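The values are calculated or read from the model by the stated rules, or taken from the named source; none is laboratory data. As the structure is a computational prediction, the values presented were derived from the model and not from experiment. For neighbour counting, all protein chains shown are included, and Cβ atoms are generated from backbone atoms with ideal geometry for every residue, glycine included. We work out accessible area using only protein heavy atoms, side chains counted, and drop any ligands, DNA or RNA first. Shrake-Rupley method; radii C 1.70, N 1.55, O 1.52, S 1.80 Å.
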Amino acid sequence: MTENSNAIVVGGGIGGCAIGALLAHKGYNVKLFDKNKTIGGRCTSYTHKGFTIDLGVHIFGSSQHGYLGDVCRMIGMPDAIKWVLSENPTPIMRDLGEEKIASQELIKFFEHCLNMPETEYEKLYYKSLSTFVWKFTKDPTLLTSISGMCGIIFCIPPFEASAGEFIRCFQQLAKTSSSGYPIGGCIAIPRAYTNAMEKFGSSVVLDAPIKKIIIENNQAKGVELKDGTQYFSDLIISNADIQNTVLNLVGEDHFPEDYVKKIKKLRYSMHCITIKVALDKPVTDEKFIMYYPTSFKNMMKDPSVFVGSKDKPPEKLPGMITIPTNFDPNLAPNGKQLIFFGTASIPGLSNYDAWGDACYKSLCECIPEIENHVMWYRTDSPATVETYAGEGGCIIGVSQNIYQVHERRPSQITPINGLYIVGAEAGGHGIGTELAANSAIELFEILKKEPK
Ligand SMILES: Cc1cc2nc3c(=O)[nH]c(=O)nc-3n(C[C@H](O)[C@H](O)[C@H](O)COP(=O)(O)OP(=O)(O)OC[C@H]3O[C@@H](n4cnc5c(N)ncnc54)[C@H](O)[C@@H]3O)c2cc1C
């Protein structure tokens, strides 16, 4: 890695912006291109009727004490993102029915996870979370709360998720105990990184879709934009979907057959239906709620309850609820409140509005006070996420199932010299945005060691 060299980053999601900032701080002249008119990919925000709305429904597991904050510290700008913490970092769990959660057992389970040394949980990377949890309990309410947590962390069911990765993430959450949300909405995070890039003399070009990554003699050489303009560098980092990068932007002919086979087999996390609800006055002081209707009590046992059906939403939906204006009131016009509800869904749903309406019904059951104060609500579907970030609109990126975590995860290094992948696609550990930031930090360490 030498100073004053060039790098091109394709895509300005968290991973792309983070590696852009890290390299720019190191003295690189980075050019980052994003196809969208706004920065952030899945972690972006837009305005609607005077409200700042996040594309997703986000809570940030360890905020400034996690990988997102590490990026800021590594570029010498520790306060570039202003965080507001949940006072109680544990989400409130609502409505598992009349039955009480078997709290003693839950505490025992989480204590076991918390105290497990790395040498133990690394043996569990390739074992499923449900196999691990079943050894502890058969209590359906308890199983539901753990599988709900798995749904929020990895956006895949517990029978697919890696137990080792779950424990690692849980330890990080518990040890930092600082879940939070940034002032300015989700977009404040990628913006902090791109502001840093610009401060260090690098540039960000929006509304600039890359059509092709140019390869010559197995060496990355540059990129070609949709309008035909070309930019050249021997270091190209793609934050676009790994499958799209390999199969389309580069083209599979440039890669060894077994690499292409592996990339084609990758599985992505689940999709999400979200609703954004504007209220004419605040009705709740809470910041973060996990809602499980009673009917979801057997989620771990019966996966169909979790995944729903393609044609029609179930009567009731579990949801992750965030109330962004309780972190930053300026996200809404004076005196108004904003509430988000998101539920995981399978790919290929047909009727997004019906799912949006089902989300709204479940939200009203969880917080009945909202009903008389709703100004409007809008649904953001996987189709919307797809337009921002691709990957069919999935929530996280390449899923953290037992075949795709730790050493089984695709590497940031590709078989083509000078071509790297970054984001919730390759390398890294952690939850959603933190996984993407960790992928960038790992890539930065890799590049530091590479001879230029
Ligand atoms: C509904 C929802 C809820 C979520 N909730 C949470 C949460 O609570 N907590 C959390 O931490 N995470 C959450 N996530 C996940 C998190 O947002 C993602 O995992 C993370 O932001 C992915 O970052 P990334 O670096 O992989 O980039 P991505 O978001 O995948 O962005 C990729 C970028 O590349 C650009 N791009 C693609 N192709 C091209 C091209 N050809 N030319 C130019 N640019 C291109 C795209 O425009 C995009 O900006 C949620 C996501 C969603 C959708």
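Sparse packing (at most 11 other Cβ atoms within 10 Å of the Cβ) combined with a DSSP loop state is found for the following trypsin sites (Lys or Arg not before Pro) in the range 1-67: Lys37. When the Cα positions of Leu85, Ile14, Thr47 are compared along the charge dipole of the range 1-90, Thr47 comes out farthest toward the positive end, with charges on each C-beta of Lys, Arg, Asp and Glu. Farthest towards the positive end of the charge dipole of the chain, among the residues Ile146, Thr284, Met375, is the Cα of Ile146, using unit charges on the Cβ of Lys, Arg, Asp and Glu. Across the range 56-63, coupling constants 3J(HN,Hα) worked out from phi with the 6.51/-1.76/1.60 Karplus curve, θ = phi - 60°, read x, 10, 10, 9, 9, x, 10, 5 Hz, and Gly and Pro carry x. Rounded to the nearest 500, the 222 nm mean residue ellipticity of the chain from helices alone is -9000 deg cm²/dmol, with -39,500 (n - 2.57) taken per DSSP H run of at least 4 residues. Volume of the convex hull of the chain (Cα atoms only), normalised per residue: 138 Å³.
Charges were assigned to the Cβ only: +1 to each Lys and Arg, -1 to each Asp and Glu. The resulting dipole of the range 1-71 about its Cα centre is roughly 260 debye. Among beta bridges from DSSP that stay inside the chain, the antiparallel ones total about 70%. What is the percent carbon and sulfur in the accessible area of the chain, measuring with a 1.4 Å probe over the protein chains and ignoring ligands? Answer for the chain: carbon and sulfur cover 50 percent of the accessible area. Overall form of the range 205-300: oblate. Here a/c, set by the Cα gyration tensor axes a ≥ b ≥ c, is 1.5 or more, and a/b is not larger than b/c. Farthest towards the positive end of the charge dipole of the chain, among the residues Cys72, Ile346, Thr384, is the Cα of Cys72, using unit charges on the Cβ of Lys, Arg, Asp and Glu.
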